[in-house]
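Visitor: Structure incoming, see below.
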């Protein structure tokens, strides 16, 4: 790798490497979330096949997202030392192969072990992709590349859920694992072949030396010493937990009385993710006009109201509630994550890693524990605890100001 003083120029729009890298990052983002989330709508099916409660079946997702949350910071440190491309490509290829192995998992515990390993391996992409883009691209070209990468994330997560549940309903969840693994492997190979080698990467020491430890400690003091950042980490944990819990357990509600919908029909609910894509795009404009704090708090209020709509027995109101929560979650997440970057000073990367860790820990911990309320009050119990989680996020950000 070149020393910092002799770095080659960044990639500009219109260069041959620009299109290749954009498409590679789209494929990488798509494949990562395709492989991560395909099991979510299959939870009622897994619960039936393995004799599990709704809360226990959610471990198929929470083991992966929890492992990802814990691996984000170590992955970013390893990438700083050994290179961005190596970690992203290796992790994605290995996760796709492990998904193929899930088709022959001998039992529930074997499936969970494979999902946990997948989460660890997939952490390389979200932990490193942003840093790779910021290093390799001219700032004027960065926005379009970042947008395509994030679009790949959203499309991959939605498509993995839809295709997974349709194939599982038509064939079996094991055949769905084969199809998901093969598509993920094709995306990983395309990513490996098309992603250009890093040109501007400068290795950094692992935090084992005195200098490395001091630098990490200073960053942690900044990232954990700002009350506003702590409020945003808490918000990330709570709203992601509420969002994932909704999609984890809504299938159980819609498959039972009074709806009795099939798994394939329930799978269509994940198409509401397209509403989230629109929300992410609008959130920036809303924040510039009204301020981050008012927009975030409004979206948290909409999340709580939307959850209440899902308590009705009218299917159209339930779908409206899911759409409202999806829109407000994606808008709120976009505002909160950008606010982390604006508040952090020199520890921007570390603050972003902590935000994402809280995000995926919320998915894992809240996403599983909220299911315990199903045995007490079924959907009413689950929705009730999710409303409390959203209101706690609203309380955490109530006094948070755009100016400090």
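Visitor: Only one of 7, 23 is out of contact with any helix residue (DSSP H, G or I) (no Cβ under 7 Å at 6 or more places or on another chain) and more than 26 Å from residue 243 (Cβ to Cβ); which?
Guide: On inspection, the qualifying residue turns out to be 7.
Visitor: Regarding residue 159, is this residue under 20 Å from the mean Cα position of the chain (by Cα) and part of a helix (DSSP H, G or I)?
Guide: yes
Visitor: Might you let me know whether segment 304-320 holds any residue that is closer than 30 Å to residue 226 by Cα, in a helix (DSSP H, G or I) and at pLDDT below 90?
Guide: The answer is no, given that none of the residues of segment 304-320 is closer than 30 Å to residue 226 by Cα, in a helix (DSSP H, G or I) and at pLDDT below 90.
Visitor: Still on this structure, I have one more. Examine segment 211-232 for a residue that is in a loop (DSSP other than H, G, I, E, B), assigned by TED's automatic domain parsing to the domain that holds residue 361 and more than 30 Å from residue 308 (Cβ to Cβ), and state whether such a residue exists. Step through it out loud before you land on a result.
Guide: Taking segment 211-232 first, the residues in a loop (DSSP other than H, G, I, E, B) are 226.
Restricting the remaining residues to those that are assigned by TED's automatic domain parsing to the domain that holds residue 361 gives 226.
Those left that are additionally more than 30 Å from residue 308 (Cβ to Cβ): 226.
Within segment 211-232, one or more residues are in a loop (DSSP other than H, G, I, E, B), assigned by TED's automatic domain parsing to the domain that holds residue 361 and more than 30 Å from residue 308 (Cβ to Cβ).
Visitor: Right, something else. Filtering segment 199-215 down to residues that are touching a residue at least 60 places away in the same chain (Cβ under 8 Å) and surrounded by fewer than 17 Cβ atoms within 10 Å (Cβ to Cβ), which residue is nearest to residue 21 (Cα to Cα)?
Guide: My answer is 199.
Visitor: Which of the residues belonging to segment 148-172 are surrounded by fewer than 23 Cβ atoms within 10 Å (Cβ to Cβ), farther than 13 Å from residue 37 by Cβ, at pLDDT 85 or above and in contact with a helix residue (DSSP H, G or I) (Cβ under 7 Å, 6 or more places away or on another chain)?
Guide: Residues satisfying the conditions are 166, 167, 169.
Visitor: Please count how many residues of segment 341-375 are modelled with pLDDT under 85 and either assigned to a helix (DSSP H, G or I) or within 22 Å of the chain's Cα centre (by Cα) (or both).
Guide: Number satisfying all stated conditions: 12.
Visitor: Here is a further query. Take segment 253-296 and flag every residue that is at positive phi and surrounded by 19 or more Cβ atoms within 10 Å (Cβ to Cβ).
Guide: none
Visitor: Same structure, new question: Out of 92, 42, 97, I need the residue that is at pLDDT 85 or above, closer than 27 Å to residue 173 by Cα and surrounded by fewer than 24 Cβ atoms within 10 Å (Cβ to Cβ). Which one?
Guide: So the residue among 92, 42, 97 that is at pLDDT 85 or above, closer than 27 Å to residue 173 by Cα and surrounded by fewer than 24 Cβ atoms within 10 Å (Cβ to Cβ) is 97.
Visitor: Among the residues of segment 376-404, write down those that are modelled with pLDDT under 90 and within 15 Å of residue 228 (Cα to Cα).
Guide: Residues satisfying the conditions are 399, 400, 401, 402, 403, 404.
The values are calculated or read from the model by the stated rules, or taken from the named source; none is laboratory data. In this text, all values refer to a predicted model and were calculated from it rather than measured experimentally. Reconstructed Cβ throughout: ideal geometry from the backbone, glycine too, with neighbour counts over all protein chains shown.
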